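Bear in mind these aren't lab numbers, they're just calculated from the coordinates by the rules spelled out. Keep in mind it's a predicted model, so treat the numbers as computed, not measured. FYI the Cβ positions are ideal-geometry reconstructions off the backbone, even for glycines, and counts take in every protein chain you see.
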């Protein structure tokens, strides 16, 4: 069975990108990695949230970047999921690092940006990785090639990856130019031969986002070193038992 990566924490059981979802994932020995999304608050604090707006996963509204960390903490990040999570707040990335420092679970931190939306995002995140001495445990991934290149300039020892939704013709050139050694790809674009070829060349494969048990089982059979990113780790764990 391949490696299990909890997408936005254990987001099938708790609200995504909250400490509740993260702690559930950290407590399960069968989960080898956790994926989260990070942006910057108005005052430059790295926070965990997927959307550029607050509307879907909090009871607030507006752009994340237009609010200070203190303002972001005023809203519930869990009531949309279930009333029992109404006290969940948007976490700072540092809270994740503090919680994960006592575990061996790998952390896949997606840098959420578009153009020049967060010009200091790489600097702020790398600074936290270094402060918590987690360079060997954290990998930084993004759709944005420029921010991945910036991470490698700041700290070459941190593993980085490109997030891809298709099969670019110039894939190897893009990986080489950015220094990325991880390919995080939407799973419908993966094939067994392609995965095995990339693994043999020394790249890591993150396959996202797979919730169907049959698909999890099918892709897991390709190679044990694939990371399967799923909202429902329990479905993958049940196949391994």
Number of the condition not met by residue 141 [criteria: (1) over 20 Å from residue 36 (Cα atoms); (2) out of contact with any helix residue (DSSP H, G or I) (no Cβ under 6 Å at 6 or more places or on another chain)]: (1)
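Take residue 66 and tell me if it is surrounded by fewer than 18 Cβ atoms within 10 Å (Cβ to Cβ) and under 16 Å from the mean Cα position of the chain (by Cα). Give the derivation first.
Values: surrounded by fewer than 18 Cβ atoms within 10 Å (Cβ to Cβ): yes; under 16 Å from the mean Cα position of the chain (by Cα): no.
So residue 66 does not fit the description; no.
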Residues being in contact (Cβ under 8 Å) with a residue 24 or more places away in the chain and in contact with a strand residue (DSSP E or B) (Cβ under 9 Å, 6 or more places away or on another chain) - total across region 55-72: 4
Criterion (surrounded by fewer than 24 Cβ atoms within 10 Å (Cβ to Cβ) and under 17 Å from the mean Cα position of the chain (by Cα)) met by exactly one of 6, 33, 27, 21: 33
Qualifying residue in region 108-120 (condition: outside any helix (DSSP H, G or I), in contact with a helix residue (DSSP H, G or I) (Cβ under 8 Å, 6 or more places away or on another chain) and farther than 18 Å from residue 40 by Cα): no
Hits in region 139-150 - residues which are without any contact (Cβ under 8 Å) to a residue 40 or more places away in the chain and surrounded by 15 or more Cβ atoms within 10 Å (Cβ to Cβ): 140, 142, 143, 144, 147, 148, 149, 150
